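First the structure, in the form of structure tokens, and then the observations on it.
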Amino acid sequence: MERRLGPRLPGVLGAVLLGLLLARAGGGADDPDPETRARSLEFQKRAVAARERKDWPAVLENMRQASLLRPGNAFLLYGLAAAEARNGHAEAAARIVEDLADRRLDMGALRDEDFAAVRDTAAFAAARRKLSDLRRPVGGSAVAFRLPDKDLLTEGIAYDPAAKAFFIGSVHHRKIVRRAADGALSDFVPEGRDGLQAVLALRVDSKRRLLYACSAALPQMSGYEEKMDGSSAVFVFDLETGRLRRSYPLPADGKPHALNDFEIADNGEVFTTDSLGGGVYKLRPGGDALEVAVPPGVFQSPQGLAFGPQGRLYVADWGYGLFWIDAAGKRHAVDGPADAPLLGIDGLVLRGRLIVVSQNGIEPHRVTKLLLDASGDRVARAEILAMNDPEFAEPTLGVLVGGDFYFIGKSQWGQFDEKTGAFDPAKLQEPAVLKVRVSS
């Protein structure tokens, strides 16, 4: 589910506003203390106001102060580079853009109007070259299969090893599609049945023969009405018959919610992230309702989650990085190499100390393999498995099947209007599930 933090905005203003929410480009998460965060936000707000007045020196000064308070924050750095460019400082702007490119981040300087006066200068030549190199394909994936219905808007995928069947969730058509081992497709849960809304994550509990589905009311789904806004639930289906076992809605509180991903513990306890509410919920085996595991607002936009070494629950915060949660529900930032940004993580699967993530919140989109160190507090190594793949159209969630990572490679979120859900059928392609080799 990529459209989480609002539309992307051009120029310094866009960078500043995104900087209010998003995190640093280096390996670790951006997790400043509240006082530092508040001070940085104040300078960012001043930069926004100066931008509206076209007072470029004031924009630059305030961006410098904001960036000094949170050094390494990718979006603040990019905002600083854009402010330098607006003030005609080609060399200063280029240095920052080159640094971000070295961290494998393209923030859009070659397209951004704020860089128009400097990007064709000799001082910007190295930056142009690095950004061009960053757009070359890396690694590679293969098409596992395609789905004929172009307007599905796919997000979640799950796999049943017993039947060798895949399940794919449709946001637009509010249904779950089953692909059998022989490739036959069927509607496992038909459109809107049992009150199903936009289907996000799916997870198979093979041991108990259950299929879990996250569902939420989103503008991109068929039949959406504003009065549905904030509605979200976990649905549990019989894996053999597709019949609903039970649903577990979040209580209505007038606030935005979208349960978005799952993890299932060995004892059957289920954890799920609320990408719009910022919390994590759990469902005990035999429980009657979702319980708060991490309070709303602790995260900005929590996405994939998985249990790792020492029983830790790792959670990706789309705009802030990777964290693990202790028994008290407190989050701890995971650090990593500077050239392996842990931002924009959507899908996350974990096997031992190996993590595979799909990243659609940074450019270029990618699938990355991460290896935790012995402590579990840091990513020791990172390898991009696929980037700039021509089949990519906003990759989302995935699942490990043997040594391969199967993932939604062509979700097409960007073709559906975020507010109205409208789309142009002529621009849609067949949704594609891709696979990439992770280990032998």
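Bear in mind these aren't lab numbers, they're just calculated from the coordinates by the rules spelled out. None of the values given here were measured: they were computed from a predicted structure. Neighbour counts are summed over all protein chains in view; Cβ atoms, including those assigned to glycine, are modelled from backbone coordinates with ideal geometry.
A few comments on the model shown:
- Distance-filtered residues of region 199-218 - backbone nitrogen under 14 Å, label point 7 angstrom along ASP238 Cα→Cβ: 209-211
- Against the chain, whose longest principal axis comes from its Cα atoms, helix 34-53 is set at around 60 degrees.
- Estimated inter-spin distance, ARG381 and ARG353, nm [label 7 Å along Cα→Cβ]: 1.0 nm
- Relative contact order, whole percent, for region 376-417 stands at 33, derived from Cα pairs under 8 Å and 6 or more residues apart.
- Separation between Cα centres of region 182-233 and region 113-156, rounded to whole Å: 31 Å
- The order of the peptides 166-176, 252-262, 113-123 by mean Cβ neighbours within 10 Å, most packed first, is 166-176, 252-262, 113-123.
- Residue of ALA306, ALA213, ALA338 that the Gaussian network model of the chain assigns the largest fluctuation, springs spanning Cα pairs under 10 Å: ALA338
- LEU41 paired with ASP335, simple spin-label distance in nm, labels 7 Å along Cα-to-beta-carbon: 2.7 nm
- Relative contact order (%) - criterion: Cα under 8 Å, at least six apart; region: the chain: 15 percent
- Full-extension gain in nm, ALA180 to ARG208, via 0.36 nm per residue minus C-alpha separation: 8.1 nm
- Tilt relative to the chain, helix 74-86 - C-alpha long axis, 0 to 90 degrees, to 10: 30 degrees
- Region 186-319 shape via C-alpha gyration tensor axes, a/c threshold 1.5: oblate
- Potential extension, SER132-LYS427 segment - 0.36 nm per residue separation minus Cα distance: 103.6 nm
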